[in-house]
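Here the structure comes first, spelled out in structure tokens, and everything after it is commentary.
Any read-out appearing in this document is the output of simple, stated calculations on the displayed coordinates, not a laboratory observation. Here the structure is a predicted model, which means the values were calculated and not measured. Every residue, glycine among them, receives a Cβ derived from its backbone with ideal geometry; neighbour counts consider all protein chains shown.
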Amino acid sequence: MLLIKHFMYLNDGMIYLFKLVAILLLSSTFSVKLLLDSARDVGHDLKNNNLNKARQAVSYLVSRKTSELNKEHIISAVIETLTENIPDSYVSTIFYYSIVGIIAFLLGFNDFTVVILAILAALIHRVVDTMDSMLGYKTDELYNIGFVPAHFDDILNYIPARISGFLIVISAAFLALNWRGAYYIMQRDARNCDSPNSGYTMATVAGALNIQLEKEGVYTLGDNLHPLKVECIDKAID
């Protein structure tokens, strides 16, 4: 992008090339479709009563052992990972793109530099989040090397995770779900998780759907007002 900016004087078409590169780079920093499709695949396996295939599919999405999960725990795991990744996969990236872009604009940078700095911020977040996903596990092999990206990721997602929680409350209202319950459960259960951020989206969705999400021995989110059915995955995707 800097190279294109440098040669902008040569041809008016360079500005369109700059915009195209900017769009491609920004779009590479978030992935919504893959996340939703992965959840749909597990739901499809459950609808076909293929429990073993569903266990295998969900094992690619979560770090817990899935070989002995029952149907309800598979549904819970899918909804948990789907909602936990709302900030990571989209909101945080757009948040930092927007914030850095606004700050750069207010500081008087020209339009091209503003876009470059904003996309750089989005890319930095994606790098940190990817490092956390690959290395941020408490195993003997990865504990030391994963410590920094895991905590840096927590810091970067701190504000976007809370924004995401409120966005889910608003979404629940538009979808005629229990938005009051979503807000209440977010306030009550968001801190039940070890992560300082993931509970703000998982608990809010549990409240909106009137369900209880559980990772055995680790956390419980929401009230068990409705049973966990495959249809809950579809509602979570909505």
- Message: Can you tell me which of D140, D111, D41 moves the most in a GNM of the chain? Springs connect C-alpha atoms under 10 Å apart.
- Response: D140
- Message: Of V128, A206, Y219, which is farthest towards the positive pole of the chain's charge dipole, taken about the Cα centre with +1 and -1 on the beta-carbons of Lys, Arg and Asp, Glu respectively?
- Response: A206
- Message: So if I place +1 on the C-beta of Lys and Arg and -1 on the C-beta of Asp and Glu, and nothing else carries charge, what would the dipole magnitude of the range 31-132 be about its Cα centre? I want it in debye, nearest 20.
- Response: 320 debye
- If the chain between S63 and N224 were fully stretched, how many nm would it gain, using 0.36 nm times the residue separation less the Cα-Cα distance? 55.6 nm
- Dipole magnitude of the range 2-237, debye to nearest 20 (Cβ charges: Lys/Arg +1, Asp/Glu -1, about Cα centre): 380 debye
- Farthest toward positive dipole pole in the range 2-237 [+1 Lys/Arg, -1 Asp/Glu at C-beta], among L69, V58, L36: L36
- Message: Test of understanding: in a Gaussian network model of the chain with alpha carbons linked when under 10 Å, which of N157, N110, N192 would top the mean-square fluctuation ranking?
- Response: N110
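Over all directions, what mean area does the Cα convex hull of the chain project, stated in square nanometres? Before the final figure, lay out each step's value.
Details: hull surface 61.8 nm².
Averaging across all directions leaves 15.4 nm² for the Cα convex hull.
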- Task: Kindly write out, for the range 19-33 in residue order, the coupling ³J(HN,Hα) from the Karplus curve 6.51 cos²θ - 1.76 cosθ + 1.60 (θ = phi - 60°), rounded to whole Hz, with x marking Gly and Pro.
- Result: 5, 4, 4, 4, 5, 5, 5, 5, 5, 6, 8, 9, 9, 9, 4
- Using label points projected 7 Å from each Cα along Cα→Cβ, tell me how many nm separate N48 and L25, to one decimal. 4.2 nm
- Note on the structure: Taking max minus min of the Cα coordinates of the range 96-168 on each principal axis, largest first, gives extents in Å of 48, 28, 14
- Query: Roughly speaking, what is the stretch gain from Y158 to R191, that is 0.36 nm per residue apart minus the C-alpha to C-alpha distance, in nm to one decimal?
  - Reply: 10.6 nm
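Filter the cross-link list K47/K235; K53/K229; K65/K235; K138/K235 down to pairs whose alpha-carbon distance in this structure exceeds 22 Å.
Numbers: K47/K235 15 Å; K53/K229 17 Å; K65/K235 25 Å; K138/K235 32 Å.
Exceeds cut-off: K65/K235; K138/K235.
Once the Cβ-Cβ distance between D234 and K33 is put in as r, and R0 is 22 Å, what FRET efficiency do you end up with, to the nearest 0.05? Could you put the intermediate results ahead of the total?
Values: r = 16 Å, r/R0 = 0.72.
In this case the efficiency is close to 0.90.
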- If each part is reduced to its alpha-carbon centroid, the range 54-81 and the range 84-139 end up apart, in Å, by 29 Å
- Spherically averaged projected area in nm², based on the convex hull that wraps the Cα atoms of the range 165-238: 4.5 nm²
- Item | Pair T113, L17: separation of 7 Å Cα→Cβ label points (nm) | 2.2 nm
- Message: From the helices alone, meaning DSSP H stretches of at least four residues, give me the mean residue ellipticity at 222 nm for the chain, per-run term -39500 (n - 2.57), in deg cm²/dmol to the nearest 500.
- Response: -22000 deg cm²/dmol
- Query: Of the GluC sites (Glu not before Pro) in the range 48-108, which ones lie in a loop per DSSP and count no more than 12 other C-beta atoms within 10 Å?
  - Reply: E68
